[in-house]
1. When you scan region 161-172, how many residues do you find that are exposed (fewer than 15 other Cβ atoms within 10 Å of the Cβ) and at pLDDT 85 or above?
2. Looking at region 36-45, can you tell me whether even one residue there is in a strand (DSSP E or B), surrounded by fewer than 18 Cβ atoms within 10 Å (Cβ to Cβ) and either in contact with a helix residue (DSSP H, G or I) (Cβ under 7 Å, 6 or more places away or on another chain) or free of Cβ contacts under 8 Å to residues at least 40 places away in the same chain (or both)?
3. Report, by residue number, each residue of region 116-136 that is surrounded by fewer than 16 Cβ atoms within 10 Å (Cβ to Cβ), over 13 Å from residue 176 (Cβ atoms) and in contact with a strand residue (DSSP E or B) (Cβ under 7 Å, 6 or more places away or on another chain).
4. What's the number of the condition residue 109 fails, among (1) buried (at least 16 other Cβ atoms within 10 Å of the Cβ); (2) assigned to a strand (DSSP E or B); (3) in contact (Cβ under 8 Å) with a residue 40 or more places away in the chain; (4) under 18 Å from the mean Cα position of the chain (by Cα)?
5. Anything in region 63-102 that is modelled with pLDDT under 85, closer than 14 Å to residue 117 by Cα, in contact with a strand residue (DSSP E or B) (Cβ under 6 Å, 6 or more places away or on another chain) and in a loop (DSSP other than H, G, I, E, B)? List them, or say none.
6. Can residue 58 be described as surrounded by 15 or more Cβ atoms within 10 Å (Cβ to Cβ) and on the phi < 0 side of the Ramachandran plot?
7. Need the failing condition index for residue 179 against (1) under 24 Å from residue 42 (Cβ atoms); (2) without any contact (Cβ under 8 Å) to a residue 24 or more places away in the chain, just the number.
């Protein structure tokens, strides 16, 4: 049931993308994000040491940049756009010092349909606001002494950006300022307009 609903959601969100070729936008980027905000990697990129029952442990985390995939359609009139944003993050953490090393890893995927309201639109410059609500999938695995424990979580994602800007004709650069999950502060994307 969950896979069917997800497939239907993606099909509906992407149907507009192919409706009118000149208004299709597609982008891929390594996005900046604030690791301390909710919804980002829960393995923070901060090394630390601690002790438990007289044993010292050392944490060595690694957090990759968020990969941003966006596709969308700007409706005739250039005032409203429908977009699908996909944001993927991977992180892992090695803990050493105890009787056996331990490894944690996680993958977080956000699927966020978005509405973009354009309040300034010329050929090469566009200013807009974003409102999006979607789902967040997180998988977590912990390996200790050869045994692996896995868990999956699903909750919601949202994006609110009162100010975004996009520059360029066929090749575009977009920067969105706002708050939400999967990113806060800003998201930077380079894309191609078909």
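The values are calculated or read from the model by the stated rules, or taken from the named source; none is laboratory data. As the structure is a prediction and not an experimental result, all values here were calculated from the model. All Cβ positions, glycine included, derive from the backbone under ideal geometry; neighbour counts span all protein chains shown.
1. 4
2. Looking through region 36-45, none of the residues is in a strand (DSSP E or B), surrounded by fewer than 18 Cβ atoms within 10 Å (Cβ to Cβ) and either in contact with a helix residue (DSSP H, G or I) (Cβ under 7 Å, 6 or more places away or on another chain) or free of Cβ contacts under 8 Å to residues at least 40 places away in the same chain (or both).
3. 119, 120, 124, 125, 133
4. (3)
5. Within region 63-102, just 78 meets the criteria.
6. no
7. Single failed check for residue 179: (2).
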